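The values are calculated or read from the model by the stated rules, or taken from the named source; none is laboratory data. Only a predicted model underlies this, so the values are computations on that prediction, with no experimental measurement involved. All Cβ positions, even for glycine, are placed from backbone atoms using ideal geometry, and neighbour counts span all protein chains on display.
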Amino acid sequence: MATIADIRKQFPQYADISDEQLAKGFHTKYYSDIPYDAFKAQIGFTQEPVTATEQMVGLGSPIARVAKGAIANPLLAINQAGGAVISGAGQLLEKATGPNVVTGFLQDVGKSSSNVVNQYEQATQQARQRIGSEGFDFYELGGALVSPANRFVPGATPVTQAAVASTLNPVVGQNLTPFEIAKAKTEQATIGALFGKTFEQVVPAFKEGARKLLDAGAELQPGQAFAGPAGSIMRTAESLRDTLYKFVGKETDPDKINKAFTYVTVNEALAPVGKSISKASDDGFALVKQGLTLARSAYDEAFNKIKTVGIDDGFLNGLKGIQAEAKSSLEPKEYTKFMRELSNNIGKRFNPATIDTPQITQGGPGSPAYNIDGQGLHNIKKFLQARLENLRNSTEELGATRKDLYDKVMEQFKEYTYRVDPTGAIKAADTTYANIYRVAGASKSAAKNSGNFSPEQLASAAASQSTTLTGGTGSAPLQQYAKQALKIIGKDKSDAIGASDLKNIGVASGLGYTGLLNPTVLAVGGLFGLTTEALGYLAVKNPALYQKFRDEAMKNTGLLSRGLTSEYDPNTGR
């Protein structure tokens, strides 16, 4: 049988790989029926024994491979990229001027930078084989994770960071052209970007408003708190768990969430005036009562800021239009009653009280006879609110018509107060009152739970919009907030994997309906699900620690993706 030296003479193209690699390759391809140790003896291949020093700190040792991933690879990649640029410049110059000393030197620089990469990679793999280490190098990947280069990788998102950082993996190959290096870098960046995108999707991200509920004490499940694929994975696990819990009677008490939700919602209703309640108890009625008290005080404070102001054209013309509508829609007796109410409770609030029924719009705008202060405006507001409340509960035949007229008066009055209030405090108080009115309605519908309402009950209350509160325009008070809450802690499990989905996963795994028992499906799916849900629980229970983890993970995402761009082939040593 030919010796190792004969094989090298016969196949000079393998000059760049070690005797060990060459012997293994020939044994695998031509002599696999002979034990490897016997084959080595027949071809005269002997190997020096591995020393303890080589095992511990040699080029193939874990320490050296960590250093390779952390320091050597980024430096080699940058050197190789710079060499490729210089070599490319040399090629372009050669096309313009012809071959000369300068163009040759520039191209040699590029070749040398790639050859250094090959020599280092080859030496590392040979050293690994000597100590019995082959396959994917997790030590090198670990080095990439702790690399100082992490701090210098540009990119605003994990996707761009991963794309850039993946190119810090040197390209292994003999006499690579600048084009080949550029092509390999493009492939690395693409793989890195895809990995970064995946990583970005599976790292939990809070739904809007979820953190506020958690801080208020809502016992949210991670699946309720998080958006995106990560939240979907968690909701799937929780859906399966809830199904199991129904059989053992351990379902989560929804009122635990509703108590915190009621507290947060009252404060959300008060947000326009910058007020908040204290959570003295879990009694929803008591919390809403606090909110109502603060909403009323917001009106007091807002109107107290208004000094003496005059009536304006907008308000006068608006009242004149309502007067004409009332005259055409009400019987004479009802019309007189309606106008008298307006005169006594609106017209005569202005100073001096010279406005008489029914000519409430006589006089001219800006006249000193039509002035009013903040307290007078507040009294008009109280009258209109009380009148509308009575008409809402009225069973009179003309109750709806009169309510519609008073709604329009309220709208005209609101717009007038907004114009004479440069601070915007009255408008903020109006918004708050509209909000708290809906909260009170939701609390009333949850009487059996001490007034602690659910997102569904708030959504129902918000949907019963009244022009008394909203001026007849825009969305109902807290409507969007209720919809967002339903997305967070509602009962929609539409994106959770159901029984039919599990069956399809099993079929796709190649084992028919028993596919879910496939060890690969169980191992990968289970590890992925457990890791994601563990991150979710960490974020819910300890947001500060989770944020620290998330920040560090995002910084390392790109370098982690380098593990997917390694081009080393153990059969060839490249």
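The set of residues in segment 161-180 that are over 33 Å from the mean Cα position of the chain (by Cα) and surrounded by fewer than 24 Cβ atoms within 10 Å (Cβ to Cβ) comprises Val172, Gly173, Gln174, Asn175, Thr177, Pro178, Phe179, Glu180. Within segment 152-180, residues that are over 28 Å from Gln91 (Cβ atoms) and modelled with pLDDT under 85 have Cβ atoms under 8 Å from residues that are buried (at least 20 other Cβ atoms within 10 Å of the Cβ) and aromatic (Phe, Trp, Tyr) in these pairs: Pro158/Phe199; Ala162/Phe195; Ala162/Phe199, counting only partners at least 6 apart in sequence or on another chain. Ala218 passes every criterion in (1) in a helix (DSSP H, G or I); (2) surrounded by 20 or more Cβ atoms within 10 Å (Cβ to Cβ); (3) aliphatic (A, V, I, L, M) apart from (1). Taking the criterion of being among the polar types (S, T, N, Q) and within 53 Å of the chain's Cα centre (by Cα), would at least one residue in segment 8-20 satisfy it? Scanning segment 8-20 turns up at least one residue that is among the polar types (S, T, N, Q) and within 53 Å of the chain's Cα centre (by Cα). Kindly evaluate Ile497 against the criterion of being part of a loop (DSSP other than H, G, I, E, B) and either under 17 Å from Ala271 (Cβ atoms) or at pLDDT below 80 (or both). When the stated conditions are applied, Ile497 passes them. Against the list (1) touching a residue at least 24 places away in the same chain (Cβ under 8 Å); (2) within 13 Å of Ala127 (Cβ to Cβ); (3) assigned by TED's automatic domain parsing to the domain that holds Ser166, the condition Gln21 fails is (3).
For the subset of segment 124-151 comprising residues that are touching a Lys or Arg at 6+ places or on another chain (Cβ under 7 Å) and assigned to a loop (DSSP other than H, G, I, E, B), which member is modelled with the highest pLDDT? Among those residues, the one meeting the criterion is Asp137.
Among the helices (runs of 4 or more DSSP H) confined to segment 364-447, the ones with at least 3 residues that are within 20 Å of Asp312 (Cα to Cα) and touching a Phe, Trp or Tyr at 6+ places or on another chain (Cβ under 8 Å) are located at 374-392, 399-420. Among the conditions (1) of a type in the set (Gly, Ala, Ser); (2) outside any helix (DSSP H, G or I); (3) touching a residue at least 60 places away in the same chain (Cβ under 8 Å), the only one that Ser32 does not satisfy is (3). When Val164, Val159, Val171 are screened for being β-branched (Val, Ile, Thr) and part of a loop (DSSP other than H, G, I, E, B), only Val171 passes. Would you pick out the residues in segment 144-160 that are crowded, with 17+ Cβ neighbours inside 10 Å and either touching an Asp or Glu at 6+ places or on another chain (Cβ under 9 Å) or acidic (Asp, Glu) (or both)? Once the filter is applied, which keeps residues that are crowded, with 17+ Cβ neighbours inside 10 Å and either touching an Asp or Glu at 6+ places or on another chain (Cβ under 9 Å) or acidic (Asp, Glu) (or both), segment 144-160 yields Asn150, Pro158, Val159.
Results for (1) touching a Lys or Arg at 6+ places or on another chain (Cβ under 8 Å); (2) of a type in the set (Phe, Trp, Tyr); (3) not assigned by TED's automatic domain parsing to the domain that holds Ser113, shown as yes or no for each residue.
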site	(1), (2), (3)
Ser166	yes, no, no
Asn169	yes, no, no
Gly173	yes, no, no
Ile191	no, no, no
Ala230	no, no, yes
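Of the residues making up segment 111-123, just one is surrounded by 19 or more Cβ atoms within 10 Å (Cβ to Cβ), more than 42 Å from the chain's Cα centre (by Cα) and modelled with pLDDT of 85 or more, namely Ser113. For segment 13-27, a tally of residues being at pLDDT 80 or above and surrounded by fewer than 12 Cβ atoms within 10 Å (Cβ to Cβ) returns 0.
Filtered by the rule that a residue be in contact (Cβ under 8 Å) with a residue 60 or more places away in the chain and not in a helix (DSSP H, G or I), segment 35-60 gives Gln47, Val50, Gly58, Leu59, Gly60. For segment 440-463, the count of residues that are closer than 26 Å to Gly321 by Cβ, of a type outside the set (Val, Ile, Thr) and surrounded by fewer than 18 Cβ atoms within 10 Å (Cβ to Cβ) is zero. Can you confirm whether Ile86 is surrounded by fewer than 16 Cβ atoms within 10 Å (Cβ to Cβ), in the same structural domain as Asn169 (by TED's automatic domain parsing) and either part of a helix (DSSP H, G or I) or touching a Phe, Trp or Tyr at 6+ places or on another chain (Cβ under 9 Å) (or both)? In short, no. Sub-6 Å Cβ pairs linking a first residue in segment 374-391 that is touching a residue at least 40 places away in the same chain (Cβ under 8 Å) and on the phi < 0 side of the Ramachandran plot to a second residue that is surrounded by fewer than 19 Cβ atoms within 10 Å (Cβ to Cβ) and assigned to a helix (DSSP H, G or I), at least 6 apart or interchain, are Gly374/Asn304, ordered by first then second residue. Going through (1) surrounded by 20 or more Cβ atoms within 10 Å (Cβ to Cβ); (2) of a type in the set (Ser, Thr, Tyr); (3) within 18 Å of the chain's Cα centre (by Cα) one by one, Thr236 falls short only on (3). For segment 71-124, a tally of residues being touching a residue at least 40 places away in the same chain (Cβ under 8 Å) and basic (Lys, Arg) returns 1.
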